[in-house]
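The structure appears below as structure tokens.
The values are calculated or read from the model by the stated rules, or taken from the named source; none is laboratory data. Owing to the predicted nature of the structure, the values given are computational and were not obtained by experimental measurement. Here the Cβ positions follow ideal geometry from the backbone for every residue, glycine too, while neighbour counts run over all protein chains shown. Heavy atoms of the whole protein, side chains included, go into the accessibility calculation; ligands, DNA and RNA do not. Shrake-Rupley method; radii C 1.70, N 1.55, O 1.52, S 1.80 Å.
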Amino acid sequence: MNVTIVKAQQADAKAILHVQKLAYRSEAEIYNDYSILPLHETVSDVEKAFSEYMILKAVASNGEIAGSVRAKKENDQISIAKLMVHPDWQNYGIGRKLMEAIEQEVPGKRYSLFTGSKSVKNLALYQKLGYRIYKEGQLPGEATVFAFMEKTRSSHV
């Protein structure tokens, strides 16, 4: 499946939220926990994210948003968040393309992210991209145990 990775605009918030709710449903199923934050965010929450994060989107040839990812830079630390791919578009390499693109758009020395510790497909993708688990734990207000992952690059400035 052919997609183009481009910078998202605040006007994309509603479409990104739609993909987010579809994509994170499978995460909720793994943990039998439908109270996870990504399923309860609003368009306003996504719009606010544009003030803190660089947000990319994967656009299909029909114009639909097939996926999205965001990153925030603090010094040489890059926090990657909300990698999501529409269920109809999963397993076509879109998640990998989004991750590679966000690392190019927001260069740094250390990239960090977290995913559910039982999310086998997510863990496998991140590990293929060079991330390693450095700890597991919970976030405030979350029942899910997360795998916190990082990747360092000495060639980025």
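Between 79, 26, 112, the residue with the greatest mean-square fluctuation in the GNM of the chain (Cα pairs under 10 Å linked by springs) is 26.
First compute the accessible area of segment 1-152 with a 1.4 Å probe, then give the percent of it belonging to carbon and sulfur atoms.
After summing per-atom areas, the C and S share lands at 48 percent.
Normalised Debye scattering of segment 13-129 at q = 0.16, 0.18 Å⁻¹ gives log10 I(q)/I(0) of -0.75, -0.97, counting only Cα atoms as equal scatterers and leaving out solvent. Inter-label distance, residue 73 to residue 40: 3.4 nm, where each label sits 7 Å from its Cα along the C-beta direction. Note on residue 4: accessible area approximately 80 square angstrom, rounded to 10, probe 1.4 Å, nucleic acids and ligands left out. Got a sec? Which residues in segment 2-28 would a label at residue 51 touch, if it sits 7 Å along Cα→Cβ and we count backbone N under 18 Å? Inside the label zone: 9-14. Per residue, the solvent-accessible area of segment 1-145 (1.4 Å probe, heavy atoms of protein chains only, all protein chains present) comes to 54 Å². Phi angles of segment 118-124 translate, via the Karplus equation with coefficients 6.51, -1.76, 1.60 and θ = phi - 60°, into HN-Hα couplings of 9, 7, 4, 5, 5, 4, 4 Hz per residue; Gly and Pro are given as x.
Summarising the amide proton neighbourhood of residue 83: residues at separation of 5 or more, or on other chains, whose placed amide H is nearer than 5 Å comprise 70.
Please report the net charge: other residues with Cβ closer than 15 Å to the Cβ of residue 50, K and R +1, D and E -1. All intermediate terms of the calculation are to be shown ahead of the outcome.
On the way: positive: 7, 14, 48, 57, 70, 72, 73, 82; negative: 12, 41, 45, 47, 52, 105.
Every neighbour counted, the sum reads +2.
Evaluated with a Cβ-only charge set (Lys, Arg +1; Asp, Glu -1), segment 9-132 carries a dipole of roughly 360 debye about its Cα centre, given to the nearest 20. Bridging of residue 109 to aspartates and glutamates at a Cα separation below 16 Å is possible for 74, 76, 100, 150, once same-chain residues fewer than 8 apart are set aside.
Taking amide H as placed 1.01 Å from N in the peptide plane, the amide H of residue 67 sits under 5 Å from that of 58, 86, each at least 5 places away or on another chain.
Sequentially through segment 82-99, phi angles give Karplus couplings (6.51, -1.76, 1.60; θ = phi - 60°) of 6, 6, 8, 9, 3, x, 5, 10, 6, 6, 10, x, 5, x, 4, 4, 5, 5 Hz, Gly and Pro residues having no value and appearing as x.
In this structure, the pairs whose alpha-carbon distance is over 19 Å, taken from 57/82; 73/135; 21/82; 14/121; 48/97; 72/151, are 73/135; 14/121; 48/97. One Cα centroid belongs to segment 77-94, the other to segment 30-63; the line between them spans 11 Å.
Size descriptors for segment 68-138: radius of gyration and Dmax over Cα atoms are 12.1, 36 Å.
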